[in-house]
Structures are given as structure tokens and as C-alpha cells.
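The values are calculated or read from the model by the stated rules, or taken from the named source; none is laboratory data. These numbers were taken from a predicted model, which means no experiment stands behind them. Every residue, glycine among them, receives a Cβ derived from its backbone with ideal geometry; neighbour counts consider all protein chains shown. When the accessible area is computed, the model is the full protein with side chains, heavy atoms only, and any ligands, DNA or RNA have been set aside. Shrake-Rupley method; radii C 1.70, N 1.55, O 1.52, S 1.80 Å.
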Amino acid sequence: MQSHTLTGGGGIDLHVDEAGQADGQSILFIHGYTQSRLSWDRQMHSDLADDFRLVAMDDRGHGDSGKPRDAYDDSTLWAEDVQSVIETLDLDQPVLVGWSYGGLIVSDYLSEYGTGHVSGLNYVGAISKLGTEDALAVIGEDFTELVPGFESTDAEESVETLDTFVGRCVHGDLDPRDRYYLLGFNTAVPPYVRTGLHSRTVTHDDDLRAIDVPTLLTHGEEDTIVLPAAAEEHADLIDTAETSWYPDTGHSPFWEAPERFNRELREFVEEV
């Protein structure tokens, strides 16, 4: 595993981990709301590394990346972050994998750079819009009712909210070790970052309609954070999309069903 510190949009420091084969097809993993690059452990430390170049970034405000006070409402900055990783690490036509809020970041990227630098897209339990009635329609109450706690600066309330959120990101019970591991990097995100993330108003329907590269939509059938209706909507918008539904799975297919997820991602990447 190699680690890098890159310069993203607006001069922010971005932390990136890299594993696998330097000459393999690149896969860039982009995590979700209040998470980190470590969300992708079951991919970065899998047999995917035998054949592919695996890159996982900490989004701005998360993990070991910079956490400025006010740098979360501009789609251009999010797009520049992704492009910086691609250019600085010389990723050749990577496949972008965006989970949850990461799907919005992928869509931000497409709005600025199109598909010219990428070979494929994997939207995982993903959103592509925020701040409108249409956007809210595909977000479950299991998320929306936690918003006051996400924004709270009271440590006890914040941790309790994040603990609940981590549990709701899967269908069923988390192993205690996994629960506290995931909770740890969720708590590393300051409340002001979480507030900034969900205070945006942006819609990328037209950008999704313009997608002309292979696109895989991965979604858990029991997802109560980003509802399955989001994937259905994306399938209607993206002409190149294929949908893979995961039964008995919640918001985190790559964590809950890593063997299937990794196999399908491998097959997808080999075909693009």
C-alpha cells in the first residue's frame, strides 16, 4: 500500500491510498458522506489488487484530507479533486466507483470534465442530486431523521448519531469490531463538514443523460439510506447503464457482500 498527498481543488490537500498493479487498469474509489477511503478495505485488500491498480481517496473534509471550513458547495471544486487524482497519479482511463455521496461527486466530475478521461462508471447506492424535492424523494427517513445529530457539536449527541448511522448503513447487525472501526473514521469528520455536504443544491440529470461509457448501477434491495428508487431513476437517465440488485443487502454492498461485489466489479472493469 502506498499513500500520497495531492493538491485538489482550491489548493486543498487530498490523501490517497494506492494498491495493486502499477500497470493494471485503474479503479478510483470515491466514498460517501462522513466516511473515508478505509470504507474500501474489502476491495483494496482483495484479489482485485492482483490485476488492477486500486486507488482510494479521502474526500475533502474526510479522513486525512484537508478540512477547510467553507469549501463544500461548489461542484467545480469536487470535480477538480477527482481530476487532480487522475492527473497527478497518471491514471489511464480509470473506472470511477462512487458510493452514496460519492455518486454525487462522480456526477460533479462529469459536469466539468465529461467522460473523456474515464472508461467506465460504477454508481453504488448512489445519489446524483441534492437539495431539491426530487433529490429528497430518494433519501430514506433513516438518514433524514439523523440530520440534526449530524450537525450537532455536542460530542455525545454526535457520536450517538453516527453510531446509529453506521448501523443503518447495513442490513442486519454489524460485527462489533466492524462497527467500531467504521464508527472511528465517521467521527473524524467535523460537524461543519457534514453540514456543508448536505447543504448543497445541485442536480445532474442532464450530465447523466450525456454518459456514453459503460455504467454499472449497484444497489442493495434493503437500502434505507439511499432508496432503491435512486438506482431506478439513474437507469432511466443513463442509456449505457446496467443494474445489479443485491438482495438482503443495505446501503453498503461492497462491505456486506464483498465477494460478489468484487467479482462483478472485476467483470465490469475487464469489459470496459
**Complete:** Computed over region 28-80, the distribution of all Cα-Cα distances in 5 Å bins, rounded to whole %, is 4, 19, 24, 23, 13, 9, 5, 2
**Prompt:** So how far apart, in nm, are the two label points at T76 and L136 if each is 7 Å from Cα heading toward Cβ?
**Reply:** 2.9 nm
**Fill in**
Among A56, A137, G125, the residue whose Cα sits farthest towards the positive end of the charge dipole of region 42-157 (+1 at Cβ of Lys and Arg, -1 at Cβ of Asp and Glu, taken about the Cα centre) is A56
**Message:** Give the separation of the Cα centroids, region 44-66 to region 106-175, in Å.
**Reply:** 18 Å
**Prompt:** If you place +1 on the Cβ of every Lys and Arg, -1 on the Cβ of every Asp and Glu, and leave all else neutral, what size is the dipole of the chain about its Cα centre, to the nearest 20 Debye?
**Reply:** 500 debye
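Assuming 0.36 nm per residue, please report the length gained on full extension of the stretch T7 to D92 beyond their Cα-Cα distance.
Numbers: separation 85, 0.36 × 85 = 30.60 nm, distance 1.88 nm.
Working it through step by step, the gained length comes to 28.7 nm.
How much accessible area per residue does the chain have, counting only protein heavy atoms and a probe of 1.4 Å, in square angstrom? List each step's numbers first, then the result.
Numbers: 11000 Å² over 272 residues.
Heavy-atom SASA per residue in the chain reads 40 Å².
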**Request:** Answer with one residue from V85, T5, W40: the one whose Cα lies farthest towards the positive end of the charge dipole of region 1-118, charges on Cβ with Lys, Arg +1 and Asp, Glu -1.
**Result:** W40
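So what's the back-of-envelope 222 nm ellipticity for the chain, counting only DSSP H runs of four-plus at -39500 (n - 2.57) apiece and dividing by all residues, rounded to 500?
Per the formula, -11000 deg cm²/dmol.
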**Fill in**
The simple spin-label model distance between E259 and D50, using points 7 Å out along Cα→Cβ, in nm, is 1.5 nm
**Asked** Under a plain spin-label model, where a point goes 7 Å from the Cα along Cα-to-Cβ, how far apart in nm are Q21 and E221?
**Response** 3.5 nm
**Request:** Calculate the dipole size of region 68-208 relative to its Cα centre from +1 charges on Lys and Arg beta carbons and -1 charges on Asp and Glu beta carbons; express the result in debye to the nearest 20.
**Result:** 240 debye
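What is the calculated FRET efficiency for E156 to T195, with r their C-beta to C-beta distance and R₀ = 30 Å, to the nearest 0.05? Write down the numbers at each step before the final one.
Numbers: r = 18 Å, r/R0 = 0.60.
So the FRET efficiency works out to roughly 0.95.
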**Item:** Reduced Cα scattering model of region 67-139, Debye log10 I(q)/I(0), q = 0.12, 0.14, 0.19 Å⁻¹
**Value:** -0.34, -0.45, -0.80
**Asked** Where does the charge balance sit around M1 when Lys and Arg score +1, Asp and Glu -1, over other residues with C-beta under 11 Å from its C-beta?
**Response** -2
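So what's the net charge close to D51: Lys and Arg +1, Asp and Glu -1, counting the other residues with Cβ under 11 Å from its Cβ?
Numbers: positive: R53, R266; negative: D23, D47, D50, E270.
Net local charge, D51 excluded: -2.
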**Request:** Give the Rg/Rh ratio for the chain, taking Rg as the radius of gyration of the Cα atoms and Rh as the Kirkwood radius, to two decimals.
**Result:** 0.92
